[in-house]
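The values are calculated or read from the model by the stated rules, or taken from the named source; none is laboratory data. Worth saying up front: this structure is predicted, and the values here are computed from it rather than measured. Quick reminder, even Gly has a Cβ in these numbers, built from the backbone with ideal geometry, and neighbours come from all protein chains shown.
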Amino acid sequence: MTKLIIPKKSEYIGVKSSKIHNKGVFAKKDIPKGTSIIQYGGEKISKKEALKRIYQVYDEAEKDSSKGENYILDLDKKHDLDGDFPWNLAKYINHSCESNSELTDVDGEIWFVASKDIKKGEEILTNYGYGLEGHKEFPCKCGSKNCIGYMIAEEHWPKLNAARRTPKI
Ligand SMILES: [Zn+2]
């Protein structure tokens with residue numbers, strides 16, 4: 001049996017279409033730095049089940065390029081959280097190289113917490129912290145001045161920048 005984690009309702013956000021990708025999450029009011037903005041909900045599943053679902057998504061993407069997104073986050077050592085539910089509004093938060101929120105463990109729950117002061121109307125953005133492996137399949141279209149071009153964790157940026165500066169032989 002798996003368990004559903006239903007997020008608490010957030011007073012701070014609304015979902016509408018985004019220039020970055022499809023839908024996005026936007027601030028309905030000013031949000032001070034440090035605020036827990038919205039909880040990430042979903043189905044608590046085993047790591048094994050998560051892997052099965054991720055492969056399923058890859059298979060679907062091969063047949064239909066409009067698919068291929070999964071909403072699975074790391075929850076703890078044994079479990080992941082599959083957030084692919086319409087009531088999990090946090091799944092619409094887009095990746096950006098210039099983020100204003102961070103995924104944070106708040107007493108065992110996953111929340112997007114404001115890492116900057118966010119103004120009413122701004123899109124809530126986060127860096128999902130992906131690794132370098134296969135990064136070329138995940139181009140970033142965040143449009144920020146410092147966009148690194150791919151959806152990867154900031155810790156990998158120096159490596160990617162160095163690779164860019166190395167002339168191809
Ligand atoms: Zn970017």
message: Please go through segment 1-55 and give me each residue that is at pLDDT 95 or above, among the hydrophobic types (A, V, I, L, M, F, W, C) and closer than 18 Å to SER115 by Cβ, ordered by number.
response: ILE13, VAL25, PHE26, ALA27, ILE31, ILE37, ILE38
- prompt: Within segment 158-165, can one find any residue that is in contact (Cβ under 8 Å) with a residue 60 or more places away in the chain, within 16 Å of the ligand (Cβ to nearest atom) and not aliphatic (A, V, I, L, M)?
  reply: no
field: Whichever residue in segment 82-115 is among the small types (Gly, Ala, Ser) and touching a residue at least 40 places away in the same chain (Cβ under 8 Å) and, among such residues, is nearest to the ligand (Cβ to nearest atom)
entry: SER96
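Might you let me know whether segment 95-105 holds any residue that is buried (at least 20 other Cβ atoms within 10 Å of the Cβ) and of a type in the set (Asp, Glu)?
no
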- request: Return a yes/no flag: does segment 119-136 have any residue that is more than 12 Å from the ligand (Cβ to nearest atom), among the aliphatic types (A, V, I, L, M) and closer than 30 Å to ILE6 by Cβ.
  value: yes
message: It is to be established whether one or more residues within segment 129-140 are under 19 Å from LYS19 (Cβ atoms) and part of a loop (DSSP other than H, G, I, E, B).
response: yes
message: When you scan segment 71-80, do you find a residue that is part of a loop (DSSP other than H, G, I, E, B), modelled with pLDDT of 90 or more and β-branched (Val, Ile, Thr), even just one?
response: no
- prompt: Which residue out of CYS140, CYS147 is under 13 Å from the mean Cα position of the chain (by Cα) and within 16 Å of the ligand (Cβ to nearest atom)?
  reply: CYS140
